[in-house]
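Remarks on the structure that follows.
The values are calculated or read from the model by the stated rules, or taken from the named source; none is laboratory data. What you see is a predicted model, and the numbers here were worked out from it, not measured in a lab. Cβ coordinates were reconstructed from backbone atoms using ideal geometry, including for glycine residues, and neighbour counts include every protein chain displayed.
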């Protein structure tokens with residue numbers, strides 16, 4: 001950086017950054033610390049940051065108390081199916097939105113924006129009734145359908161960004177060679193979009209894996225419930241929680257999305273604006 | 001270097017390969033759009049319209065008698081429902097309380113991340129964590145922090161000699177501020193990343209030129225940085241406000257709306273009305289009111305943005 005920054009200003013910047021680091025990190029560190037503490041230490045009136053006697057008991061107990069594996073399997077199924085279906089149907093539409101100006105793509109863009117402002121309550125009651133009619137309440141498929149549509153706005157937005165980053169000249173060249181529109185999309189554009197499509201799918205996966213409200217409303221049968229819903233069972237009726245197993249289960253539930261997020265982080269942060277900045 | 005807008009524009013202005021094949025193109029376009037359009041119509045636009053219709057009925061869950069149209073009755077009842085308006089007020093307080101400080105903090109962090117500092121990668125990595133976490137886990141995690149006996153917050157308060165600490169989430173005065181802090185924490189990544197992206201689209205040369213002209217840090221921020229990030233800042237703030245106003249999971253896990261309704265956001269209220277008491281029609285009416293208010297706010301924002309665009 002060629003701008004001259006005074007030493008005190010630099011020091012101030014580091015101090016501020018340190019404050020942010022503490023604020024962002026401390027709840028997560030506390031979660032980890034709690035997860036590894038034995039019951040004796042959790043009952044102590046003077047909790048410490050580092051467990052004196054770290055243990056895995058909480059994890060064992062968490063699996064005993066709640067059907068975490070089954071819930072994780074449900075979450076995995078729902079998130080995986082939703083992510084795959086979402087990108088498969090979103091990619092062609094995103095392509096149209098990015099490349100063609102017309103009533104259709106204007107309406108689609110409008111829907112993407114408006115859907116961000118829906119209060120879910122206005123959608124969930126009719127959805128509940130529709131899915132009940134289709135016998136898809138208490139069914140993972142019902143939830144998957146909802147997740148697909150729910151992740152579409154963001155998927156369309158991301159993918160359209162990636163499409164715009166592909167130089168249209170390439171497609172025009174293929175068109176001059178006589179290739180049809182669909183053919184161009186499949187053999188010229190799609191390969192260039194592949195990394196963007198993967199990133200979008202992973203993002204849709206994370207969103208579905210983390211989702212709570214729809215799962216809470218649409219899945220009442222305990223054997224169908226997803227991980228976030230099962231986690232709330234640890235809280236107990238009156239909020240009297242068994243802190244250790246609660247922390248352990250919560251920590252485990254976060255790991256998959258944290259790992260995936262680490263993988264796509266650059267694409268999300270870079271790709272948000274954009275897929276747009278091109279050198 | 002080509003900037004984002006330039007790329008986007010060149011894409012938009014791409015010559016449509018001849019006007020002649022318009023009809024054929026339309027066919028292909030529909031073919032590409034339908035797979036997404038059908039689910040959107042059935043599971044998003046349809047339910048939205050159905051939901052608006054439900055607001056004018058006495059629909060209830062598990063009732064045998066058929067549903068009747070009741071006109072604006074639900075809305076009349078809503079008008080006199082002080083509990084609903086109380087939750088509405090709390091929803092606005094919460095949305096402003098989260099959005100504004102979060103914006104200020106996120107802008108600060110984005111500026112720091114944009115500067116060439118050593119700990120930058122660590123801060124970036126950490127700033128992402130709240131984004132990747134399920135909201136339910138964020139809620140659980142902060143309950144552990146706020147826990148009156150075993151939580152780190154009260155222990156810190158005691159260590160600093162600031163008293164015995166308190167029961168943050170169940171105290172009438174502290175519950176809302178406590179959940180607002182969590183809301184700020186949870187939404188930091190999206191806001192920071194959006195602002196950082198705006199900052200990185202500012203040509204570096206402008207900063208250098210301004211610095212050469214002897215502009216101080218504040219002036220450089222006001223004349224170079226702020227105009228560049230302003231559109232992003234407006235957009236992300238408007239979205240944040242709406243998302244926060246509509247939020248559910250975080251506060252559901254933290255307080256379930258308690259104590260005494262002090263943190264009962266409109267969504268929590270409508271959820272209880274619909275799925276605990278089975279009042280579908282009434283809850284749908286609440287949803288309509290929320291949409292209406294948000295639409296007005298959104299319109300104000302859009303008009304403001306258009307005006308701002310003309311100025312620029």
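The table below lists the values:
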| quantity | calculated |
| --- | --- |
| Residue count, region B:111-129 (criterion: at the interface with chain A (Cβ under 7 Å from one of its Cβ atoms) and crowded, with 19+ Cβ neighbours inside 10 Å) | 6 |
| Test: residue in region B:51-60 that is modelled with pLDDT of 50 or more, assigned to a helix (DSSP H, G or I), within 8 Å of another protein chain (Cβ to nearest Cβ) and under 25 Å from the mean Cα position of the chain (by Cα) | yes |
| Residue in region B:82-92 that is in contact with a helix residue (DSSP H, G or I) (Cβ under 8 Å, 6 or more places away or on another chain), within 18 Å of residue B:243 (Cα to Cα), modelled with pLDDT under 90 and assigned to a helix (DSSP H, G or I) present | no |
| Residue B:212 vs. criteria more than 19 Å from the chain's Cα centre (by Cα), surrounded by fewer than 20 Cβ atoms within 10 Å (Cβ to Cβ) and more than 10 Å from chain A (Cβ to nearest Cβ) | no |
| Filter result (over 19 Å from the mean Cα position of the chain (by Cα) and in a loop (DSSP other than H, G, I, E, B)) within region B:245-278 | B:255, B:256, B:258, B:259, B:260, B:261, B:262, B:277, B:278 |
| Filter result for residue A:14 (in contact with a helix residue (DSSP H, G or I) (Cβ under 7 Å, 6 or more places away or on another chain), farther than 15 Å from residue A:246 by Cα and either within 7 Å of chain B (Cβ to nearest Cβ) or surrounded by 19 or more Cβ atoms within 10 Å (Cβ to Cβ) (or both)) | no |
| Subset tally (residues that are closer than 19 Å to residue B:253 by Cβ and either in contact with a strand residue (DSSP E or B) (Cβ under 8 Å, 6 or more places away or on another chain) or at the interface with chain B (Cβ under 7 Å from one of its Cβ atoms) (or both)) for region A:247-265 | 6 |
| Spans of helices (runs of 4 or more DSSP H) in region A:154-268 with at least 3 residues free of Cβ contacts under 8 Å to residues at least 40 places away in the same chain and under 23 Å from the mean Cα position of the chain (by Cα) | none |
| Answer from A:127, A:143 - the residue that is facing chain B (nearest Cβ under 7 Å) and either surrounded by 19 or more Cβ atoms within 10 Å (Cβ to Cβ) or assigned to a helix (DSSP H, G or I) (or both) | A:127 |
